[in-house]
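Here the structure comes first, spelled out in structure tokens, and everything after it is commentary.
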Amino acid sequence: MEIVRISESGHWVNECACRTRGIDSFGAAGIIEHIMNKSAKLAKLHHSLARYGLPADRPPVPLGNAAVDDVLGGGLRPGALHEVFARGWSGGGFAVLLALLAAGTKPLFWVRPDYEAMEYGALSPGGLLELGGDPRQLVMVRTRGSPDALSAAGDILACPHVGALLLELEGAPKCLDLVASRRLVLAAEESGVTVVMLRAGAIPQPSAALTRWQVASAASSPLDDDWGNPVFDAQLVRHRLGGLGRFLLTWNPEHGCFTDSSKEGADSGAVAAAPANRPAYPQARRAV
Amino acid sequence: MISQKANNTLTVYALEARAQKLGLTKGQPLANARAMVQPLAIMGCDEKADAALLESIADWCDRFTPLVSLDAPDGLFLDITGAAHLFGGETAMLATVIGGIARQGLAVQGAIAGTSLAAHALARYAPATIVPPGGEAQAVAPLPITALECDDKALRALRHAGLKSVGMVAGRLHSELSERLGAGFVTRLKVMLGASGQPLQPHRALPDLMAEQRFAEPIVTEEMIAASLLQLAQHLSAILEREGRGARHLEAAFFRADGKVARIVVRMGEPLRDPKVMLRLLRQRLDALADPLDPGFGFDLIRLEALLAEETKPATISFDSNENARRQIGFLVDRLAARFGDARVQRFVPQDTHIPEAQSAAVPAQDSDFDRQHWSLKRLPGDPPRRPLRLLEKPEEISVPLSEVPDGPPVRFRWRRAQFDIARAEGPERIAMEWWRSRGLTRDYFRVETRDGQRFWLYRDGLYRTDGLAPRWYLQGLFA
């Protein structure tokens, strides 16, 4: 996408240069300007080549926790695909919170096949409100199955006025292959809509996602005597633009951001170093 | 011959011409008919199938006029006011309608008159009559009094009085008749004589606006259909533009040459009049159909109706980016609704109740103004969430071995064949059912957290009682 846009503007620059040359009738100023334009164009081309395949530059959305934002390079990148693999019954909330953050004040579309509601419960707008979201910005799209969900996602990603898309898929549907995820990524880059894909009961497969998280719930802070804000044990297992890590994140519904759990309690929110030569997805261990 | 069970006896419901020649009549007890003629081919009547057939004929008749009314059990009214000239006058139109239905293998009779009851009687007793305006009284005069279709008692009374035709009845003073037979009879008589009108009950909702295209040769190919849809959309859009309105509900009706009618409906969140958008939504709906549009022998009429058209503000280009964004989202919702169905694209409205599962309702996202809804927070500022992010469709029963204290939270529970040990709990929050709506037990809700941080919303259905029966526990929600 980037390349195309640059070449368009390059064309325009060229035309400009020709016109100047025409007026100056091959004067030195015209030639110098032409060369300068050319070098600017080249620099742009270099830049775009270096970033080929990477998402366009858009200001990242900070999660609020300094450690995570540092690793992510400022926060969650908009116009990209983020995968969340949830373990347990409460881990999926992390994906919802990421989508809330990414959506900001714009509409949040939640696409899910009917089966999800039966298995994991239907969304309760009251619960979303309690977490600091606004039920008024939510549009729910229920589909019959995963193929429908993916094609609905395609439609939604075409509209740049959408804040974020939360795509909830159970297991490993056949239609969700590398091509499908690449298609989502391209559409998201084009429109700048962030996609958070919540996968429950699935093992990571190769995909075009920018980040991949493995999330489980964690015990709430010992400082709260009986019941605290939600805490997630979030492991960043894949990140195309930077480092990885494991974070203990507490959601603060009041401020609508993640805070550092380590500040609150004895739990340090330790960041375990992830292996540098990680495989794209963990090989299934076989007993010999 | 078809039999029907009426008043606990089998009677003749309908019979064909050959049986009529043998002297059998409608309404005769079946036993009598059997005694008169042997053998008889008898079938039981299926009123539902008859009604369905009548409906489908009515659908077919939609091609002549938008106002088709069912005259159950065996008749149809077509309001052809202002439509006859499109078919070459009343005589030609009647012939077209009768011919079209007869070609489908049905026995049919018809008549044209100024009022529904006159047409009804003439179609049955003097088929193919076309009554000139104001000529109803004269046209129905020679019909037998059975054409009045009054009950047996009234019929007997009329016969007693020596009245044999409708004309003779009409000759009597209305006050006499209403004294003897009731005011309803006179009203019917007046309608039949054309002295007063009776509104028709349309079989389908009348569209606000419509555009249609007829084809001399039925069209089959997808390109032709799309092209004619676009033309219709442009036509409809021009009408909408002229009236300053936009379509909210759009229906495309495809009339197949063999009588079948397929309809697709698209709903819009906002009044729409752009023909290209209309076409796109219609095509998306067509593509999403589970059984694709089968042209069969081709469509000979395609009609585009604006079932609901609303006033629009004059189209001005708004420079307000918020307004533009809102409209774009509206279009997106329309597109999704056209593809997946209105009920599958939802937004939420708060409900005024404290029963957790009823506190919000999911409604089609195209319906109303959602930005004005007011949602109220349950937790106090600074407190952790008090309501779960997800609610199970139905609370699921969990098995709880023992509570530490009778009114306290459980220590562990089993749900979906897994054991959960509770580390922390908060509660109870007591929610009583609404006695004026449903009778249910008071629920004591607990927010519990397992050792690994999974959070659930449990409730005990009812209180511990002295009789030793333990109340049941349910899991209703999952926290984030």
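For the reader, a short list of remarks on this structure follows.
- Count of segment B:74-89 residues which are part of a loop (DSSP other than H, G, I, E, B) and touching an Asp or Glu at 6+ places or on another chain (Cβ under 6 Å): 0
- For B:L206, the requirement of being part of a loop (DSSP other than H, G, I, E, B) and either closer than 30 Å to B:A141 by Cα or of a type in the set (A, V, I, L, M, F, W, C) (or both) is met.
- When residues of segment A:132-188 are limited to those that are basic (K, R) and more than 14 Å from every other protein chain (Cβ to nearest Cβ), the one surrounded by the fewest Cβ atoms within 10 Å (Cβ to Cβ): A:K174
- Of all the numbered requirements in (1) within 30 Å of the chain's Cα centre (by Cα); (2) surrounded by fewer than 19 Cβ atoms within 10 Å (Cβ to Cβ); (3) at the interface with another protein chain (Cβ under 9 Å from one of its Cβ atoms); (4) more than 27 Å from A:E254 (Cβ to Cβ), B:A325 misses one, and that requirement is (1).
- Members of segment B:90-142 that are surrounded by fewer than 20 Cβ atoms within 10 Å (Cβ to Cβ), among the hydrophobic types (A, V, I, L, M, F, W, C) and not in a helix (DSSP H, G or I): B:L106, B:A107, B:V108, B:A126, B:A128, B:I130, B:A141
- Taken together, B:P199, B:P218, B:P207, B:P142 contain a single residue that is touching a strand residue (DSSP E or B) at 6+ places or on another chain (Cβ under 7 Å) and either modelled with pLDDT under 85 or among the charged types (D, E, K, R) (or both), which is B:P207.
- Among the residues of segment B:1-60, those identified as more than 26 Å from B:V97 (Cα to Cα) and among the small types (G, A, S) are B:S3, B:A6, B:A19, B:G23, B:G27, B:A31, B:A33, B:A35, B:A41, B:G44.
- Residues (of a type in the set (G, A, S) and either crowded, with 16+ Cβ neighbours inside 10 Å or within 12 Å of B:L304 (Cβ to Cβ) (or both)) located in segment B:222-237: B:S228, B:A233, B:S237
- Of residues in segment B:342-356 being touching a residue at least 24 places away in the same chain (Cβ under 8 Å) and more than 8 Å from every other protein chain (Cβ to nearest Cβ), the one surrounded by the most Cβ atoms within 10 Å (Cβ to Cβ): B:D342
- Each residue in segment A:90-126 was checked for being over 26 Å from B:R326 (Cβ atoms), at the interface with chain B (Cβ under 8 Å from one of its Cβ atoms) and part of a helix (DSSP H, G or I), and 5 pass.
- Among residues of segment B:382-407, those that are surrounded by fewer than 15 Cβ atoms within 10 Å (Cβ to Cβ), touching a strand residue (DSSP E or B) at 6+ places or on another chain (Cβ under 8 Å) and within 14 Å of another protein chain (Cβ to nearest Cβ), counted: 2
- Only one of the numbered conditions (1) loosely packed, with under 15 Cβ neighbours inside 10 Å; (2) at pLDDT below 85; (3) not polar (S, T, N, Q) is not met by B:R379, and that is (1).
The values are calculated or read from the model by the stated rules, or taken from the named source; none is laboratory data. Since we're looking at a predicted model, the values are computed, not measured. Cβ coordinates were reconstructed from backbone atoms using ideal geometry, including for glycine residues, and neighbour counts include every protein chain displayed.
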